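The values are calculated or read from the model by the stated rules, or taken from the named source; none is laboratory data. All values derive from a computational prediction rather than experimental measurement. Positions of Cβ are backbone-derived with ideal geometry, glycine not excepted, and every protein chain shown enters the neighbour counts.
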Amino acid sequence: MPADSTPCPECGAAISGGREGCQAQMDALNARARSDVRYASTARLAFDTYCMQHPATYCVSAKSYAAHLMGLCCGVDFAGNPVIYTALQRWLNGSKALTKPPVPPERGSMTVRDVAAATTPQTYAQAVQHWAATVWADYQSQHALAHDWIAAALAADR
Ligand SMILES: [Zn+2]
């Protein structure tokens with residue numbers, strides 16, 4: 001760990017600049033996905049993963065929490081099925097009485113730092129998949145809830 005590294009308070013990554021430095025790495029990954037199509041296929045999964053690892057920033061409301069939890073679930077358990085992404089977006093646009101579950105204290109053993117270290121589109125995609133899986137595993141207590149919400153979104157879409 002470099003001497004000037006302060007761990008990000010949300011994901012624990014040792015990154016210069018702490019929470020802000022961590023955000024800068026995610027912003028850089030998003031920018032690369034927008035400018036280089038070879039990195040775009042896992043952009044949605046990477047962002048939902050980052051959001052569920054940083055819920056104090058991205059999951060303040062129950063609706064945003066549900067959006068990223070369902071997004072991560074779709075990315076990991078449903079191979080990023082675009083039909084589900086579309087259905088959940090539409091479902092969340094309506095008025096919903098959702099209750100935000102408690103955030104688990106551990107949220108993945110990998111961080112944006114591990115993913116940013118990948119230097120090719122292939123290794124990057126693999127790293128994102130692995131990163132998403134470790135975060136999703138720590139949300140195990142909410143897997144059933146996420147699947148229920150996705151089922152409701154798909155039912156409403158019919
Ligand atoms: Zn972080």
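His54 meets each of the listed conditions (1) within 16 Å of the ligand (Cβ to nearest atom); (2) modelled with pLDDT under 95 apart from (2). Taken residue by residue, segment 21-40 has no member that is among the β-branched types (Val, Ile, Thr) and surrounded by 12 or more Cβ atoms within 10 Å (Cβ to Cβ). Checking each residue in segment 1-22 for being within 26 Å of Asp77 (Cα to Cα) and without any contact (Cβ under 8 Å) to a residue 24 or more places away in the chain picks out no residue at all. For segment 73-124, the candidate set comprises residues that are in a helix (DSSP H, G or I), surrounded by fewer than 12 Cβ atoms within 10 Å (Cβ to Cβ) and polar (S, T, N, Q); within that set, the residue that is modelled with the highest pLDDT is Gln122. Listed by position, the helices (runs of 4 or more DSSP H) enclosed by segment 1-65 that each have at least 1 residues that are in contact with a strand residue (DSSP E or B) (Cβ under 7 Å, 6 or more places away or on another chain) are 18-35.
Close contacts from segment 74-85, counting a first residue that is touching a residue at least 24 places away in the same chain (Cβ under 8 Å) and a second that is among the basic types (Lys, Arg), with Cβ to Cβ under 9 Å and a gap of 6+ residues or different chains, come to Cys74/Arg44; Gly75/Arg44; Gly80/Arg44; Tyr85/Arg44.
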